[in-house]
Structures are given as structure tokens and as C-alpha cells.
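The values are calculated or read from the model by the stated rules, or taken from the named source; none is laboratory data. Predicted model, so just to flag it, every value in this text is computed and none were measured. So basically every Cβ, Gly included, is an ideal-geometry build from the backbone, and we count neighbours across all protein chains shown.
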Amino acid sequence: MAEREPVSRRGARTPGLGPGGWLPRPSLFRRFGVGVLLVLALGGAKVAVGHAEVKDPLGNLPDAAEVVPGLLRGGSPDDTGLQALSSMLNVDGVINVGGPSVAEQAAANFLGEAYVHENVTAGQAPSTTQLKAMTEFLRRYTRDGKVVYLHDGSDGGRAVVTADMLLLVRGWSWSAMTKTMATGDWAQLNASQVTALRDVEAVLTGKHPRAHNRYAHLRTVPW
């Protein structure tokens, strides 16, 4: 015998989704209210995060910090970091003293940021020639309130010693330069880099005969 579908009683309500009957009107209002509050909460969280990113754009960059007005120092920026440098930090130039990165250079150029790569050996300090090139770069790309971002990839010591040397070349005293350093900066420098930093300071202040110093041809140049 073939099965027959049951005949619905006239006037019976058809349930909504799934088994069961319609929810009472107060329950529907309560659920709708919870949904609205959830949407508002998520929207507020998104706005708060957005404001935080604008307030602290350095948060988009690894270990980033301002050395002095016009010079930032940190780790290698990704595409998001480069965008933050360009749009929120007024960065006009990027100095890479770590390993070469074709992709980073291409991204910086696309964003209109000047780019220079000075390949400083890991665990070492920049040479006189490299310092002169970077000083000229800073003079060119920190005009009119613009900023330069200095980074060194994974070896933080190169960026620290380079930034400190650039301040000495700018004409800063050893005392003034060290006041810009955070507590952990010294820990990133090895003995060779500290010695190189002292050599630069000795030449620029006349404390050491230039003939016996690898930075003998370095001169103070404001930027």
C-alpha cells in the first residue's frame, strides 16, 4: 500500500526554520536586540583599532623607534610597513644596511620613496664611504620635514651603530648621541662596533691622530 502524506489541519501554523514552532514575539525582539548590539560592538572595535594604528603607526613596523626628528630606525618593513612609512610617517627615503631586497626596493619605488642599499657586513659598522653616502642621502630626503627610515634586516646592531655614527657625523657629541639610545641598544652592539663608534668620535673631535684611524677622512657634515 502506497504511503499517503498527512493532511495538514486547516489553520495550523507552519514552523519556521527547522523543527518547532514560531518564537514568541518578546523572544524575537530580544534576539534582534542582541544581534544589533553585537554588530555595534564589532564596529566599535574596528574603529578603535583603526584609531590605534593611526595614533601609533610605528606599531606597523618591527622594533621601530624615532632616533631623532627626521630619522627612524627599525627592522625590515613589509609592504604594509612601507605603506605606513609613506602615508602616515612622512617618510621620503629608505636606507637598508642589511641584505639586498629587490622586492623591497621595488615596493619603495612604487610608493615614491627614495631607496639606497649600503651593504654593511653583519656584526660590523659602516665604512667612511658608506657613511658619506648615507649622510648625503639624509640631507636630500629629510628636507621640509621629511623622514628617512633606516633598517638592517635581522641584525639590529648594524642599524644601531649606523644611526649613532650618523649623529656623530652630524656634529653631535658622544654624550648627546648616547642619550638617544634605548637601554637595549647597547646590548645589540658587539665589541667591534663599539670600537668603530669610538673611532668615529675620536676623529671628529680630534681626540685621536687621523693617521692611525680607519675613519681618518671623515668630516662633520650637518644634515
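Checking each residue in the stretch 166-198 for being surrounded by 15 or more Cβ atoms within 10 Å (Cβ to Cβ) and closer than 17 Å to Met134 by Cβ picks out Leu166, Leu167, Leu168, Val169, Arg170, Trp172, Met177, Thr180, Gln193, Ala196, Leu197.
Could you check how many residues of the stretch 92-128 are closer than 30 Å to Asp199 by Cβ and either within 13 Å of the chain's Cα centre (by Cα) or outside any loop (DSSP other than H, G, I, E, B) (or both)? Lay out the reasoning, then the answer.
First pass over the stretch 92-128, keeping only residues closer than 30 Å to Asp199 by Cβ: 93-101, 114-128.
So of that shortlist, the ones also either within 13 Å of the chain's Cα centre (by Cα) or outside any loop (DSSP other than H, G, I, E, B) (or both) come out as 93-96, 114-117, 128.
Residues in the stretch 92-128 being closer than 30 Å to Asp199 by Cβ and either within 13 Å of the chain's Cα centre (by Cα) or outside any loop (DSSP other than H, G, I, E, B) (or both): 9 in total.
Taking the conditions exactly as written (at pLDDT 95 or above and of a type in the set (Val, Ile, Thr)), does Thr121 satisfy them or not? Answer is no for this residue. Among the numbered conditions (1) out of contact with any Lys or Arg (no Cβ under 9 Å at 6 or more places or on another chain); (2) within 14 Å of Arg158 (Cα to Cα), the only one that Leu71 does not meet is (2). Scanning the stretch 96-123 for residues that are of a type in the set (A, V, I, L, M, F, W, C) and either touching a residue at least 40 places away in the same chain (Cβ under 8 Å) or in contact with a Pro (Cβ under 6 Å, 6 or more places away or on another chain) (or both) yields Val97, Val120.
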